[in-house]
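I have placed the structure first, in the form of structure tokens, so that the comments after it can refer back to it.
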Amino acid sequence: VSSSCFDSASTYNYSTIANATHNYLWTATGGMINSGQGANTVNVQWNAPGWHQIKVVECDSAMTSCESDSILIFLGTNSSNNANTSVCPGDSIFLSGAWQTNSGNYIDSLISFCGCDSIINTQLIVQQTFSGSTITSICQGDSIFLNSGWQTTAGTYFDSLQTIFGCDSIVQCTLSLNPIYSSTDTVNLLLGDSIFVDGAWQTQAGVYTDNLLTQFGCDSIITTVLNIITSVDKIQSSSIILIRPNPTSGTVMIELNISSNIIAKLTIQDLQGKLILKDNLKSNEKKLFDISSFKNGVYIVRIMYNSKMHYCKLVKN
């Protein structure tokens, strides 16, 4: 096999051992014999690059004894190719005879096996690295996968990731913990009243639990200890309800003594449970009520807000 670089303007010489009394018959597959037919040296012009064959048949002068031989010839061409590649910042690649670290066009001139020029034009891009920060939170007792581990405590964590090009991507995460809440309330409920806890209206003494969620989605557990007041005599005055004067024969002032910004429901009923008066009362609001038309006796003042009940006795004389 012979190889060389194709040139449409060039011709090529091929020879075999000379014998003055012999005859030579040449054939060139894919080319044209310009001169030398019959001699031991022939001049050929090839039509195109690629694989070709040249063959010679050598016979004695009487043409009674002949031998043949042939060779395969590959004619290559000069080539030019474009390539794209990239590296991460701080990395390098060998182009144009040196290690390159900057974006740009780099040209390499190589020689193929057949002696032709091979030009490679490489577009090099230095990719970006990325860094960012994020803020997240979890509930106490939960965990989140950060910095190659499950984290349960507040702090700052770093994760080193890779972009689609294999370059570093640093993410800083600030983790905070949202609390879960647990509280216990004691509610004294007058016999015959009801209160909505544990998903239903309750009238029996007992311990009831409500599982709620905070604004951050964390558990908020409220335990209600419910006591039943079986008679008016067992009602103890609540500091939440201020009644003045008490007893009274005409006008009475009722105040909701609580700092929270709420609106409570106020009712006054007699000992038979008949509703005599109802109204709303805001935090720290004082309202006057004329009960001069009420019959003399004992009445029950009830304040209800946020599933809480408070009672006081009011005496009209």
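The values are calculated or read from the model by the stated rules, or taken from the named source; none is laboratory data. A quick note: this is a predicted structure, and the numbers were derived from the prediction, not measured. Glycine gets a Cβ as well: all are built from the backbone with ideal geometry, and neighbour counts include every protein chain shown.
Where in segment 189-252 are there strands (runs of 3 or more DSSP E), lying fully within it, with 2 or more residues that are under 20 Å from LEU314 (Cα atoms)?
By residue number, 219-229, 241-244.
Results for (1) closer than 30 Å to ASP108 by Cβ; (2) modelled with pLDDT under 95, shown as yes or no for each residue.
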site	(1), (2)
SER3	yes, yes
ALA9	yes, yes
TYR12	yes, yes
TYR24	no, no
TRP51	yes, yes
LYS55	no, no
ALA62	no, yes
GLY76	yes, yes
SER80	yes, yes
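Looking at segment 18-34, which of its residues are under 18 Å from LEU72 (Cα atoms) and among the aliphatic types (A, V, I, L, M)?
Of everything in segment 18-34, those that are under 18 Å from LEU72 (Cα atoms) and among the aliphatic types (A, V, I, L, M) turn out to be LEU25, ALA28, MET32, ILE33.
Six or more apart or on different chains, Cβ atoms under 9 Å: show the pairs whose first residue is in segment 142-166 and more than 13 Å from GLY132 (Cβ to Cβ) and surrounded by 11 or more Cβ atoms within 10 Å (Cβ to Cβ) and whose second is modelled with pLDDT under 95 and among the basic types (Lys, Arg).
none
Counting only residues that are under 15 Å from CYS59 (Cα atoms) and out of contact with any Asp or Glu (no Cβ under 7 Å at 6 or more places or on another chain), how many does segment 22-37 have?
So the count comes out to 5.
List the strands (runs of 3 or more DSSP E) inside segment 262-314, counting only whole elements, that have at least 2 residues being in contact with a strand residue (DSSP E or B) (Cβ under 7 Å, 6 or more places away or on another chain), modelled with pLDDT under 90 and over 23 Å from ILE228 (Cβ atoms).
In segment 262-314, no matching strands (runs of 3 or more DSSP E) lie anywhere.
Can you confirm whether GLY90 is within 60 Å of the chain's Cα centre (by Cα) and surrounded by 12 or more Cβ atoms within 10 Å (Cβ to Cβ)?
no
Can you pull out every residue in segment 7-17 that is in contact (Cβ under 8 Å) with a residue 24 or more places away in the chain and either part of a strand (DSSP E or B) or over 19 Å from THR77 (Cα atoms) (or both)?
TYR12, ASN13, TYR14, SER15, THR16
Would you check which residues across segment 70-99 are touching a residue at least 24 places away in the same chain (Cβ under 8 Å), under 30 Å from ALA28 (Cα atoms) and either aromatic (Phe, Trp, Tyr) or not in a loop (DSSP other than H, G, I, E, B) (or both) and list them?
If the condition is that a residue be touching a residue at least 24 places away in the same chain (Cβ under 8 Å), under 30 Å from ALA28 (Cα atoms) and either aromatic (Phe, Trp, Tyr) or not in a loop (DSSP other than H, G, I, E, B) (or both), then ILE71, LEU72, ILE73, PHE74, LEU75, GLY76, SER79, SER80 are the ones that fit.
Is there any pair linking a residue in segment 306-317 that is in contact (Cβ under 8 Å) with a residue 12 or more places away in the chain to one that is among the acidic types (Asp, Glu) and not in a strand (DSSP E or B), with Cβ under 7 Å and at least six apart or on different chains, and which?
So the pair list comes out as MET309/ASP193.
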